[in-house]
Each structure stands twice: as C-alpha cells, then as structure tokens.
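> Below you'll find the structure I mean.
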C-alpha cells in the first residue's frame, strides 16, 4: 500500500503556514513481479529452446544417461522373471514381516507420482501460473513413477498369474473380489489415478505436439506428431474446447491427488497393527506424497535446466517456490510424526506405545532417525533464501528428501511389523540382493522412460509458457502494456 | 535295478485272489489291455525306465488283506491301476482304515493305531483303548512314520558293498546256521527290545549255539532304573512309576517330561495331577534338581539349578534329611560324606524334604538315566522310606537280560575271538563310546553281518548288509511300560524287501518257520493260548488284555545298598577351566535315529527353539566368563561363536548357545547330530546338521564328565531358530497364578482380570453376518487349551505336520522366518536369566469370530463358515500376505517356494536355481513342468516315496498361497458326513462330543488341547471354556477367538527359599505398570460379571 498523505480541511488563515509543512512523497514504486521467463525471451526463442531438446542430433549426455538406464531396466525385468519363476521367497520377507521392500517401493513411487498431478491440476485451479514451466515434466514423472509403483503390488503377490483376480471381472464361479479389502480399493485408486494422469498429460500435450509437427523436418516425424496432435490447427474453436476440457480434467484430477494416497494409506490404517492402525494416515500420507513428489521434481529439474540451458524458463523463482512447497509439506509430515507419538502415549495402549518406542529405540532405530533427519530436519533448511537459491544445495537436499521418504515407508511397513503383538514372533527383516536389484532396476525403468520423454516430447508446455510471457499480455509494449506480464 | 517286490507268503486266512493279479500283470494280453484302457498308469509297466518307480508305487499301495487279520501282508492294488473284479470285504476306496500296532522303542513300546489310506500308512496315533494310554503319543512316535518313506534308507542287500539279492542273503544265513557248530565265535550285537518273540528266538539260539555271545547296546540307556531296583531289592525287578498318584514329585535330573522313556505315559500322568477343574482341586507339586534346562525343569514349581555332577550330592543331602527324620539314621550315616559335597541351597533341600515327609505315600522321587547307580539307589531308599512303593511306584518282575556289554564285545573283537559278528539295528560305529574305536574294531571280525535301517557309518564294507524293515512293515510284538503285550502289525509290504530282526534270528537259528508272522503267532500261543479268536482280538485291540505285569512286593536290601553307596565318591566341582560336560538325549534326534527325519530336524527344540542342529549349551554367566557370549539381536541368522571343547584328549567343535536356567560351568551336548560319514549317502536331510557329541563320549563318561576345556576359535556359525525373543515384555499373553492365589481369588475369572484394556463395547452399524450364519450351523467348533496341563513336549506340532501335509523348509528358510508349522509352541522366559521360569503356549489359528485376516483379503480367499471356522481357500489365494500382516497371532504361513516339489538343497539361498535355466535329471525344468506340473524337482526316488506319506484328505499346497491351521477340517467334515449318513431320516446330525479329535488334540498326551462343539453346553470344550481360568489372548482387539486358553496354575511351596507369591510373568505384568489382577479382583470380577 502506498503511503497516504491525509489532508484535512485547513483554516484559511493557517493555510500558508500549513502548506510549508506538507510533505508530498513520491508515489512508491509499483512492486515488480519477477517475470516467469527471464531475459525478455521472445516467443520464438521459447519454441526453439523447448522443442529443440527433442530435435536434432541426440546429445552425448543423453546416451550416457540412457544406456545405464536401459541396463538397469533390464536388470529389473530379469529380477522379475527370476522372481516369477522361483517364488516370492527370493525376496526378504518372512513372518512377521510379510511385506518388505515391494510395498515400501510401491508407496514410495506412488508418492513421487503425486507432484505432477498436483502441479498440473491443483495449481492450475488455483491460478498459480508458475506451474507452467514445470508441469509437463512433473506429469511425465508422475506417469512413469506410477508405472514403477504399479509393478510392485503385482509382482509381490504369491501367484502372479492370478493377479487379475483382484479386478472385478465377471466369471463363471461368480466369485467377486472382496470389496472390504483396502488392497481392492488400491487397485481402483491407482488405476484410476494412472488413467486420468495419462489423459491429462496427453490433453496438455496436444498443442505442443502440433508445434512439433509443424517444426518437423522429416516425414516420419511429421506423420507421428501429426497423428498424435489429432489435427490441431490452433483455431479459436480448438483453443476454446481445449481450455474447457483442460479445466474439466483438472477438476477431475484434483480429488484424485488426495484420494490415491489416502487410499494407499488405508492399506495400513485399516489393519489393526500398532503403528498402522492410525486415523492420521490419509492426510499425513498425502502431505508426505506431495513432499516427496516435489523432492523428486527438484532432483530432476535442477540438473535438467542446467544441461538443457533452460534457466530462463525454469527460473530460480520456480525452484524457490518448489522449495517452499517442500518446506510446508515437510513440516506437515514432521507434525504428523509428532502427533503419532503423542497419540501412542495418550491412548494408553501398551502395544501402541511399545510400537513407537521401538521405532525410535529398537533394532531399526537407524532407519527411524534417517527418516527424521531427512524429512523433518532437512526441509527446515528451506527457510533460508540462501539455501533455496543455491542449486547444488537444493539438489542434494531434494535427494535427501527422497531418501527420507523411502525410509518413512520402510519405518511404517517393516518396523511396525517386525515387533507386533506377540513377542514370540518378533524377527528381523533383511532385504536380499533381489530386493535391491529390483528396486534399483525400477530407476532404470523410470529414467529410460523419462529420457525417451525428453527426446520425443516437449518437456515444458510451450503454449502455456508462452501464455505467461509479457508478450502474451495485450498491454505489453511488444504486444502488451507492462513489463512482467500478468 | 529292478526290484520287484518279493512274492508274499500265502496267508492262512484271508483272500487270496489278489495274488493272481501279479500273474495277470505278466501276461502279454493283460499288458495290451492295460495299455489300451489305462494308458497313463499302465505305460509305466512296459517302460523299463519308470518301471522301478511304478513297482515302488504299486508295492506301496498294497493293503493288508482282511483287516490285517490275514496273517501275512498281502498285496492289493489300488483302484486306479486295476479295477476291483471283486471288492475285498469292508473295503471302501478312499476311506482310511486303522490298524492297531505299536512302535517298539528300546525296552518298551508305544501302543498305536496306524492310519492306512489305500494301503499306505499315513498317520500314527496312540491307541486309546490300551489300558495304559489315552491315545497320546510323543513327538518321536509322530515323526517315525516319515522314516518309513525315507528315500535314504537301506534298500539293498549287499555283500562287500556289492548288491546281492534277498535270496543270496537268505542262503548265506542258512549256511551260517549250518556251519555255526556250537556257536563259538558267533557274536550278536543288538539293541534292547521288549519283544517276547525275540526273547524266545534268543533262547532258541542260545540253546542251539551255547557258545554264541549276545550283547546289547543302547547309546541312550534307561536300563539303570531296573539295575538299581534289582540291586536294592535283591530280586529281578524294575520300577513302574505312577506319577499321577503322586502329589509331591522330586526329580533328580530326571527329565521324565522330555528326555526319559515312555514320554507318552509320564506326560499323561503328570498332566493328570496338574489339571484342576475348579477352585480347591488338588494339584501336584514338582521339584526339579538339574543342571540343564529341561522340559521337566520348565514345568517344575521349584527348580534347583546345580551341575549335573552335583546331583548325587543333592540326592544324598535330601536322603540324609529324610532318612534322619524317618528313623533310618544308619543309612543316613553312609550318605553323610556324599551329602557334604552338596553345593546348593540347604534350605531348599530341607523344605523339599519336609514336603515329602508331610506327604508320605503320596510322594515320588525320580532319578534320571544320566545319573549314576548311586543316585538311583538313594532314590529307591528314599521312596521306601517315604512309603511310596505300592502307591506311586510299583515293582514289576524284570528278568536280568543275558547280554554282555558293547565293551565286552569290543574286547572280544580285539582278541580276535569273534568270527562272525551279527549287528541287529543300531549304528555302533557312530554312537558307541568313542574309546572303543568301534569302526576299527568292527572290521576285526571275519564276517560281519549287519541288519540296518540305513547304509550308514556301521555299514560293513566287508561283509553283509541287510536292509531292516520299518516297524510299520514288520510283524512283531512288544511289551509296553506296564508290561502289556502289544502286537506290531505291518501296514505295508516292506517297500524295499527289508528283513525283520525276527526273521533274521529265526534263519540263524535254523528254524523251519522263518516268517515273522509265524514267529509272533507262535509266541502268542505260548503266552495266551492258541485260540484264533484270541489272536484276532489281540490284533484288533492292539493289546492283550490283562497281560500287564503283576506288581510284586519288594524288601529293601540295606546292606547291599549301603555297600554300593559307600564306594561312591564325590565328583569334582566344575569350574570355568574344568567344565562339566553333559550328554543328553536330544528332544528331536533321540540318539540319532531321527537324524534323517525332516520333521524332527525342523521341529524347534522345545527349550532353545533351535532347528536343524545341536549347540554347545551353557549358562549365560559361563558364556560371558569364557568370552563367548553373544547378545541376541534378533537377527535372523544368529552368529554364534564356534568353539572347541576338549575332554580327556578328545575334542569336538560346535556353536555356543547361552541358555537361561542352565547351571554355571556346565556344558550341554545333545547326542544324535553330526553324521558325517557314510559309504553311500548320509541322508539328504540330516546331512551336515550339527556336530557329533558322541566323539567325546567314552565308556567311563557316558553321561557327564568334569574337566573339559573350551577354546574360542574366533569363527562364527549361523544358527536357525524359530523364536528369538524370549520374554513376554509383561504382556498378558500367557496368564499365570499360583494355586494359593487362584484359590483365594474372589472374583469371577482372574485370567480375564489380566486384560490390559477391556474390549470395546460398541453398537455395530450392521450385525456381524456370522451371528446370523451361526443359526444355520449345526455345530460351533471351538478349542480350549489348558496351559496348566501343557508341558511343551511338541508332539502336537509333529502330529499337525503329519496330518496336514505341512512341508519342511530347511535350515536356511527357517533362518528367514519361513517355517511352515501351523501349530507352534511359544516359549517364554520370565524372571532372571539365571533362574528363569519357562512357560509354553501352543499357538495356532485362533479362528476368530471377527477375524482380522478376512476383511483384508482382496480375493475372498479366507472366509468364515457358519460353524465358526475361519477357512482358507488355497485355490483362491493369490498371496498378497496381508492376512498374515493383520493376524495379531501371526499363525498364518506362506509358501514362499514350492516346498513340496523342491529338494532341500534348492532351498538354500541366497541364489536359488530357477527353472528357466536349471535341469533336473537331464531335462529342462520348464519342459518338465510343462509335461507334468506336479513332478517338481525332487529326485524321483524321493518324490515317489514322499508323496506316499501325504494325507490324501488334505490339499498339498503350491507356492504362493497362504496356509494355516484349519482345526483339521478334514476330520470335522469326515465326522459330520458320517453322522449325517448315520442319522438318515432321523435328522440327528449333531456329532456327539468326542467322536473325533483334531490331530494335535489326539497326539497330546497331557490332554491339554480340547476341541469340540461349543454350542453344546455339555461338551468337554464348553466345560473347559466355562472354567474360571478361561481367557482369550489379545482380548482387547475384539477378535473373539474360538481358541481360548486356560490360565496356568503353579503350585509353589511357600516355605521354600525360592518361593514366590506370584509367578514371574504376573510379576512382570504388574511391574509394567498394570494393575495387580489379584488386588483389583472385586472391580474386575464385577466387570467380568457384567460384560
């Protein structure tokens, strides 16, 4: 607010005296928003910069990243083949810890898959325009993360070849799935989320695919992009329909962001195991998922903006904003950890109390404290602007956030199970080499897809970024009235 | 090698027509017809490769004709090979038959009913009609059926290691008989036996060959009871204990609950005196004096922990106390010097003696077989002084065996005075005292002929080896502990043409009739007359009524006892540098005879919960003193220090296990492990399990010795145990009270007062569907387990494994917490590490009425039936394992691998063979699986045999599915169907109480497990559940289990120095901040009454 000089009606006789005392301050400078695209880049530059990533000769760094990813992906599938041909026993579980890394990895990947849709849907509805620079890559990340996640519940079951029994497919025996089971709900939640995410992502891609089509220099590319851009011409009618559909899909996706991880959390909270049996799980899981999702987006985009020289589009401000979201959700997660302990104490239930004391002091205390360090302490560093703007530090911290969130799931799944009601069952879970290779292998899968995505699809929504440039504003001198463009 | 089953002798009675089928099978016409009609089975007839397995299968499938009354085992094919042209009388395909038989063990036998499914024995159960049995068995008996199908058992007749035929062997025996002359140079080495037939043949042989020598050897020998009684009473007698009649029992290193003979009997008797129905019921009191932590010590109300070598002194001290007070001062004087060495708590002995004296005629002092003769003599004197003879102990006539020792025989062999050595059973090269060097000595005989169950360490490289028939393949007889004559009936033709001891002896004796059946029949004629009806009744009932030994009165012979006792010297006191070593009969291997038995290898030791091997047991303090203590970190594979034990120049190596409750400076070594050498195959199961403690055992130190040194090698060894965590953490899982507390308790149910939280009372939004379904069920099944009776013997675990086709998983998988036991026994310690109290709890599916496993299964694979069973549908299970995670009792078991189809060596990780790259018998596994998914990777000999032991009424589970206790649903259904058939139009479909039992219930000699219809208020299970000790485990979860427990009552003597006001577990419970259930009983009682 500008400083207001209040002038009151003055007596005529005093007027002359008074006039001398009046200080007329200069109007304050209007707050300048940092532009979404720095250095006043032109629209043409934006198209070139983004579409250029998927065009031209494949750069060396891409191959250097792609080949190891494919090797790791192959390892993943080899491990799965081995698992299916031998039995789930090649992994570490045994009673009492019947779920091991598979479920930890599942929940972890699903959590990562939260940022994309959150950015593209919720931030869209909230008119957060900064989302435009990151939503495409984040959505792609979501889809690939959900694919990695989806593998685990399928392969962790004992008889994989009957996995389809979890789907409500009519059959001759008239046996239906058991609708009271949260695993059943999981099937619906994850598959719906995946479908809608893919649709949403593809929807947003159409105008950009048309850009790619128009820029294509050979027939194959032209045909392929032409096929997938569904005849987009950029007419007003197209844009009008597109905007509406995009809004509807954003509206549809928004509850899904909240529902998927809530339902995943019900896998645990529906049971009666101390450490699982908690009502705080749904919101706490969603917060954790957003937290880890943003962590992963940061881990991916910080190196990418550097390598692809997209610092003008994915600006420091974007990184800072994402750090702030991470800080907020990380604090929610930390609060949830505290509340869990409080409730365990407050409940007076000795089993519940024991479960939490055991988390912090038992054989797996190392895992618990890794989680606390990475999820509670690390994000608090984002209070400092110096840290938020230091890309190397943010990158490292974002990796720590992801490690922390993996351990959170490990803490919930393994620590709760390994010491439950009957001390006679207590045991210690250890992963096997197959567990480790399968998990690492999913990174191969993820990065293989992500790298392919970089090379074939515009990794930033070109049309949307253009829409938030100053030039897009009709009042800007170059087509709009003001600098900054909002 | 084609091993066509030998033609069986034509029986006197019974159908003969099945003989013709064999002949028929050889005609070309038949083959042609069979191939046309039954290509799948019959093609094997002509295929030379699989013919062997076919014949095996056939021979295994043959039934004894005519209810086993027929005489000889005669073969009958199963229906899927040939259809019956004429149905044998009483035979219904698929319906199991039961035959009365017995399992001979050393000097006694366990009366049995053996179940036969279409000609193959599948399950052993105690014979409840036997006058001295309630139908319970011990774990050894339950597991013995697996030995029948052991693929590593001796299958061939050999001479100098070369295969021969049975006829060759028989010829050789004939020659031997003819050429033996007076029997000079002919020596026998046999195990103990109670068989009257064997005794008769022995007599025939000694008459015919007066110079032949007979020796008996048992590595674990219980004969000392007889020796002591015979010496003490100056006449050939042996004691028979009536533990149920005793109200005060003192065990002097006598592990009568776990490690002595006739466990099925002593557990039954002990538990009977332990059981209370209501307040004020009497209960026995058990004092135990011992060095190792045994099951007896675990069940004792007072336990005195002293080195095993100090037990004689303790016995003497106790005797002095009692004899002084009962007016036998002169004998007390003799014992005084020995008593002075007693290291323990004087007051303990004084009060124990006072208790015994106050209960004259109702006490019982027992000495263990490990203790020297002196202790047994003292015990006899004590029992006489306490007037226990006639009430709690009976004397039975027991003729002195006319047998030399193995040491005599070894000497004779060294002197070259043995020409022909005949070894009947046993494995002396493995388990004879180490100083005899038996393996070398045995080779000194000119001819060695050995009848053995395995081609093991004692396999004669020079000489004859004959395969021994399993007791389920043989005719025989035996006497049980009370002297009752029992028959041993074969249920199956010897699978590999094995020979019985009786036949071999008869052939050596040159008798006309060498068929074991004839021999047994003849013996029976001599004992009970010749009537065929009597004989049939004998076989049918499984015992000869009224044949129990008559008890006789004995008069103590004090001078003989005094003389024997005076020479007893006090043992050295064990120290850290001169450790005491105690050899004990293993709870699973016995003396090593079950070494290749997978059920036994995988059965957790009831005390240590260790599987697949033995350990060097020592107290926690000793382990710390010696620097070999390992903190139990609940790691799956516990890394135990590998140490060396040296005793008198011999040494063994093994892993250390710190055992709470063990005496300091004492080392416990279980016998029966560490089989390492065999010319053929040591056994694919027992191979590499544990170390051989026999290597330290010498003639002088058969049971314990002082003076061993321990050296830490610095290496570590991974152990597989099923329960690491020993304490209950103050949780009210097992609930205990002392008898005094229980009797004084004014509330409704003190066990329920232990509940930490009351189960929530809530108004459900919609009713539990089970409540409605219940109205449709005729029965409501439930179980009650009396923790006062349960001694933790683990018979139920093996019985369950046998009944329900529960696979074994191997040492590595046990370390991964993947053992498959549907029923486990949880063992907890409470109190101090030095003198803990141990408690057991059989834990199996609780069949919760609101089962947490059911609502989390996404595919409806585990559901409830209207009779209250939580049923598991294997075919529907996809294996998400959520049910196990949500089971608070953790009783669900998951098939991580195809345990039934994979050989054990393929179950050792961390790299498992995959069918994608592996071949079995030269055939790619995937192709093999494609051709026949059931065949698996097991070697064909093992596969063909192991599938015979399976219970056909229970599915064999594949990999990837969850399984768990079903309350033996196959038995429930069997009984219900039978009752429905019987009811006909009457509509009386309620199965009467006691019609059938679950496998665990049936095997339990303590009668601690009771199953039945809880909807019937008069059923035994309802009565138990109505008792004021009944409670649910984890009551507050509101799972409403159908399996409930009856709180355990301890009966301490308040005057004892180690008396306790409340059991340690209750103490622990209160210390964890819970209310004292016995102080708040008014409140709790009211609540229990209200809700």
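> Kindly provide the helix-only [θ] at 222 nm of chain B, computed as the sum of -39,500 (n - 2.57) over DSSP H runs of four or more divided by all residues, to the nearest 500 deg cm²/dmol?
The helix-only estimate for chain B comes to -8000 deg cm²/dmol at 222 nm.
> Quick one: what Rg and Dmax do you get for region B:147-304 from the alpha carbons, in Å?
23.1, 72
> Which percentage, to the nearest 5, of the DSSP beta bridges contained in chain B is antiparallel?
Taking every DSSP beta bridge within chain B, about 60 percent pair in antiparallel fashion.
> Rounded, prolate or oblate: which fits region B:532-659 when a ≥ b ≥ c are the square roots of the eigenvalues of the alpha-carbon gyration tensor, with rounded for a/c under 1.5 and prolate only if a/b beats b/c?
oblate
> Next question. Between region B:536-598 and region B:206-272, what is the C-alpha centre distance in whole Å?
Computed from Cα coordinates, the inter-centre distance equals 5 Å.
> When the Kirkwood radius is taken over all Cα pairs of region B:908-950, what Stokes-Einstein diffusion coefficient follows at 4 °C and 1.567 mPa s, in µm²/s?
My calculation gives 115 µm²/s for D.
> Now for a separate question. Rounded, prolate or oblate: pick one for region B:125-230, where a ≥ b ≥ c are the square roots of the eigenvalues of its C-alpha gyration tensor, a/c under 1.5 means rounded, and failing that, prolate if a/b is larger than b/c, else oblate.
Oblate, since a/c reaches 1.5 and b/c is not below a/b.
> Two decimals is fine: what's Rg over Rh for region B:1012-1080, C-alpha atoms, Kirkwood radius as Rh?
Reported Rg/Rh (Cα atoms, Kirkwood Rh): 1.07.
> What's the average, rounded to a whole number, of partner chain beta-carbon atoms within 10 Å of each residue's beta-carbon in B:899-905?
Per-residue shielding by partner chains comes out at 1.
> Same structure, new question: For region B:967-1043, restrict the atom set to alpha-carbon positions and state the Rg and Dmax in Å.
For region B:967-1043, the Cα-based Rg and Dmax read 14.3, 45 Å.
> Once you treat every alpha carbon in region B:473-527 as an equal point and sum by Debye, what is log10 I(q)/I(0) at q = 0.14, 0.21, 0.22 Å⁻¹?
The Cα Debye sum returns log10 ratios of -0.39, -0.82, -0.88.
> Using only the Cα atoms of region B:673-810, build the gyration tensor, take square roots of its eigenvalues as a ≥ b ≥ c, and label the shape rounded, prolate or oblate: rounded if a/c is under 1.5, else prolate if a/b is larger than b/c, else oblate.
Since a/c reaches 1.5 and a/b is larger than b/c, the shape of region B:673-810 is classed as prolate.
> Expressed as a fraction of 2.2 N^0.38 Å, the rule-of-thumb size for a compact globular protein of N residues, what is the C-alpha radius of gyration of region A:291-386?
Compared with the compact-globule rule of thumb, region A:291-386 sits at 1.42.
> How many Å³ per residue does the convex hull of the Cα positions in region B:758-846 occupy?
Convex hull volume per residue, Cα atoms: 217 Å³.
> Roughly how compact is region B:885-992, stated as its Cα Rg over 2.2 N^0.38 Å to two decimals?
Scaled against compact globular proteins, the figure is 1.51.
> Looking only at Cα atoms, what is the convex hull volume of region A:374-486 per residue, in Å³?
It is 191 Å³ per residue.
> Something else now. Enumerate the residues in region A:131-170 having an amide nitrogen under 19 Å from the point lying 7 Å beyond the Cα of residue A:247 toward its Cβ.
Taking a point 7 Å out along Cα→Cβ of residue A:247, the residues of region A:131-170 whose backbone N falls under 19 Å are A:131-132.
> Let me ask another. With viscosity set to 0.692 mPa s and temperature to 37 °C, compute the Stokes-Einstein D of region B:247-307, Rh being the Kirkwood radius across alpha carbon pairs; µm²/s, no decimals.
Rounded, D is 276 µm²/s.
> Per q in 0.14, 0.15, 0.17 Å⁻¹, report the Debye log10 I(q)/I(0) for region B:242-349, using one uniform scatterer on each alpha carbon and no solvent.
-0.62, -0.69, -0.85
> What are the radius of gyration and Dmax of region B:943-1088, computed over its Cα atoms and given in Å?
21.3, 66
> Please order B:446, A:25 by the number of other Cβ within 10 Å, starting at the fewest.
Arranged by neighbour count, lowest to highest, B:446, A:25 become A:25, B:446.
> Next up: Can you tell me what share of the DSSP beta bridges in the protein assembly as shown is antiparallel? A percent to the nearest 5 is fine.
60
> Another question, then. Sort the following peptides by mean Cβ neighbour count (other Cβ atoms within 10 Å, averaged over residues), highest first: B:130-140, A:159-169.
B:130-140, A:159-169
> Just how far, in whole angstrom, is region B:772-816 from region A:133-192 if you go by their alpha carbon centroids?
After rounding, the separation between the Cα centres reads 35 Å.
> Across region B:683-745, how large is the tail of the calculated P(r) beyond 14 Å, expressed as a percent of all Cα pairs?
81
> Here is a further query. Where does chain A land at 222 nm, in deg cm²/dmol rounded to the nearest 500, when only DSSP H runs of n ≥ 4 count, each adding -39500 (n - 2.57), divided by all residues?
After summing the helix terms and dividing by the residues of chain A, the value is -20500 deg cm²/dmol.
> Residues of region A:313-331 with amide nitrogen under 19 Å from the 7 Å Cα-to-Cβ point of residue A:391?
A:313-324
> Still on this structure, please answer the following. Determine one quarter of the surface area of the Cα convex hull of the protein assembly as shown, which equals its mean projected area, and express it in nm² to one decimal.
74.7
> Over chain A, what portion of Cα pair distances is larger than 37 Å, expressed as a whole percent?
36
> Something else: Across the residues of A:101-108, average count of Cβ atoms on other protein chains within 10 Å?
The mean count of partner-chain Cβ atoms within 10 Å per residue comes to 1.
> Follow-up question, since we're still on this one. What number do you get for region B:318-368 when its Cα radius of gyration is normalised by 2.2 N^0.38 Å, N = residues?
Here the Cα radius of gyration is 1.12 times the empirical estimate.
> Quick one: go through region B:396-440 and flag any residue whose amide nitrogen is under 19 Å from the point 7 Å out along the Cα-to-Cβ line of residue B:211.
B:404, B:409-422
> Within 10 Å of each residue's Cβ, count the other Cβ atoms and sort B:609, B:890 from fewest upward.
B:609, B:890
> Then there's this: Which ordering of B:687, B:328 is given by a fewest-first count of other beta-carbon atoms within 10 Å?
Taking fewest neighbouring Cβ atoms as first place, the list is B:687, B:328.
> Moving on. Express as a percent, rounded to the nearest 5, the fraction of DSSP beta bridges in region B:405-514 (both residues included) that run antiparallel.
Here the share of antiparallel DSSP bridges comes out near 30 percent.
> With Kirkwood's inverse mean 1/r over C-alpha pairs for Rh, give me the Rg to Rh ratio of chain B, two decimals please.
Taking Rg over the Kirkwood Rh, I get 0.95.
> Given the alpha-carbon gyration tensor of region A:276-342, what are the semi-axes of its equivalent ellipsoid in whole angstrom, ordered largest first, with each equal to the square root of 5 times an eigenvalue?
31, 10, 7
> Can you give me the C-alpha center-to-center distance between region B:401-418 and region B:969-1046, rounded to a whole angstrom?
56
> Averaged over all directions, how much area does the convex hull of the C-alpha atoms of region B:499-561 cover when projected, in nm²?
Approximately 7.6 nm², given one-decimal rounding.
Any read-out appearing in this document is the output of simple, stated calculations on the displayed coordinates, not a laboratory observation. Since we're looking at a predicted model, the values are computed, not measured. All Cβ positions, even for glycine, are placed from backbone atoms using ideal geometry, and neighbour counts span all protein chains on display.
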